[in-house]
Amino acid sequence: DAKTTQPPSMDCAEGRAANLPCNHSTISGNEYVYWYRQIHSQGPQYIIHGLKNNETNEMASLIITEDRKSSTLILPHATLRDTAVYYCIVRVGALGGATNKLIFGTGTLLAVQP
Amino acid sequence: DVKVTQSSRYLVKRTGEKVFLECVQDMDHENMFWYRQDPGLGLRLIYFSYDVKMKEKGDIPEGYSVSREKKERFSLILESASTNQTSMYLCASSSPLAWPYEQYFGPGTRLTVT
């Protein structure tokens, strides 16, 4: 079972920030938070990951609460091309085949409106 | 750019047929994965392989087998296709030597079994 909870859908106006929440209240100390997204008719794509500090890259920012029980993915200026299903995943950061699995939930469908 | 390719985007097969889904990656990745994606269920792991000729069952291996004779190629086999195997099939690859172990996905094969 997925270890995260996300809202099934969200809307966002084009050009505004999209804030996608994720609850992971049972996260362990050695588990990272990963975000992927899946645009329609494509395979999922990695966005960002973090352990306990806030992270930013060219695609998004990731804010993790101090207790690590929840996080928020922020797309600072959403465009129509950001319309996709966004998956929040927790996973241990160890090497090896078994621990390299990703457990996908059903994600959040973000619809960016013009 | 990492490229993961899948042999077909769309496939229609009859019940009882043996079906081969092929996946090729060009990044010399050790790990390869097969998922299926169904509405409301998200992505579920069928099998994964962490080296040539090595494989491990995922969460839903029943009715499937896999083959990895070369590092770049990972095949999913439906020995006797059934209608409940109608689904989107996604292949992915990753390297346990490249943090953050992100998985790169192919575009998917939509299989219909009639």
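The values are calculated or read from the model by the stated rules, or taken from the named source; none is laboratory data. Because the structure is a prediction, the values reported are computed rather than measured. Note that we place each Cβ from the backbone using ideal geometry, even for glycine, and neighbour counts take in every protein chain shown. These accessible areas exclude ligands, DNA and RNA; they are computed on the full protein's heavy atoms, side chains included. Shrake-Rupley method; radii C 1.70, N 1.55, O 1.52, S 1.80 Å.
Looking only at residues in region B:11-31 that are of a type outside the set (S, T, N, Q), crowded, with 18+ Cβ neighbours inside 10 Å and modelled with pLDDT of 95 or more, which one is farthest from B:Ile60 (Cα to Cα)?
Taking the candidates together, the pick is B:Val24.
Quick check, is B:Gly108 open to solvent by 30 Å² or more (accessible area, probe 1.4 Å), touching a residue at least 12 places away in the same chain (Cβ under 8 Å) and small (Gly, Ala, Ser)?
no
Have a look at B:Ser8, B:Ser49, B:Ser82 and point out the one that is within 11 Å of the chain's Cα centre (by Cα), in contact (Cβ under 8 Å) with a residue 12 or more places away in the chain and either within 14 Å of another protein chain (Cβ to nearest Cβ) or open to solvent by 20 Å² or more (accessible area, probe 1.4 Å) (or both).
None of the others qualify; the one that does is B:Ser49.
Please work out if A:Ile39 is within 30 Å of B:Ile46 (Cβ to Cβ), within 14 Å of chain B (Cβ to nearest Cβ) and among the β-branched types (Val, Ile, Thr).
Yes; evaluated as a whole, the condition is true for this residue.
If I filter region B:96-114 down to residues being in a loop (DSSP other than H, G, I, E, B) and more than 7 Å from chain A (Cβ to nearest Cβ), which single residue comes out as farthest from B:Thr5 (Cα to Cα)?
B:Thr114
Name, by its number, the condition in (1) at pLDDT 95 or above; (2) open to solvent by 90 Å² or more (accessible area, probe 1.4 Å); (3) under 30 Å from A:Thr4 (Cβ atoms) that does not hold for B:Leu97.
(1)
Quick one: count up the residues across region A:9-38 that are modelled with pLDDT of 95 or more, assigned to a loop (DSSP other than H, G, I, E, B) and either in contact with a Ser or Thr (Cβ under 9 Å, 6 or more places away or on another chain) or of a type in the set (Lys, Arg) (or both).
Residues that pass the stated criteria total 3.
Can you tell me how many residues in region B:1-24 are in a loop (DSSP other than H, G, I, E, B) and farther than 10 Å from B:Thr109 by Cα?
Final tally of qualifying residues: 8.
Among what's in region B:54-79 and is under 19 Å from B:Ser7 (Cα atoms) and not in a strand (DSSP E or B), pick the residue that is most open to solvent (accessible area, probe 1.4 Å).
B:Glu79
Among the residues that make up region A:22-35, is at least one of them open to solvent by 30 Å² or more (accessible area, probe 1.4 Å), touching a Phe, Trp or Tyr at 6+ places or on another chain (Cβ under 6 Å), facing chain B (nearest Cβ under 10 Å) and within 16 Å of A:Gly105 (Cα to Cα)?
For region A:22-35, residues open to solvent by 30 Å² or more (accessible area, probe 1.4 Å), touching a Phe, Trp or Tyr at 6+ places or on another chain (Cβ under 6 Å), facing chain B (nearest Cβ under 10 Å) and within 16 Å of A:Gly105 (Cα to Cα): absent.
Do you know which residues across region B:16-35 are more than 11 Å from every other protein chain (Cβ to nearest Cβ) and under 20 Å from A:Cys88 (Cα atoms)?
Passing the criteria: only B:Trp34.
Could you list, in sequence order, the residues of region A:42-82 that are part of a strand (DSSP E or B) and away from chain B (no Cβ under 11 Å)?
If the condition is that a residue be part of a strand (DSSP E or B) and away from chain B (no Cβ under 11 Å), then A:Thr56, A:Ser61, A:Leu62, A:Ile63, A:Ile64, A:Ser70, A:Ser71, A:Thr72, A:Leu73, A:Ile74, A:Leu75 are the ones that fit.
Which of the residues belonging to region B:25-46 are part of a loop (DSSP other than H, G, I, E, B) and touching a residue at least 60 places away in the same chain (Cβ under 8 Å)?
Hits for region B:25-46 are B:Met27, B:Asp28, B:His29, B:Glu30.
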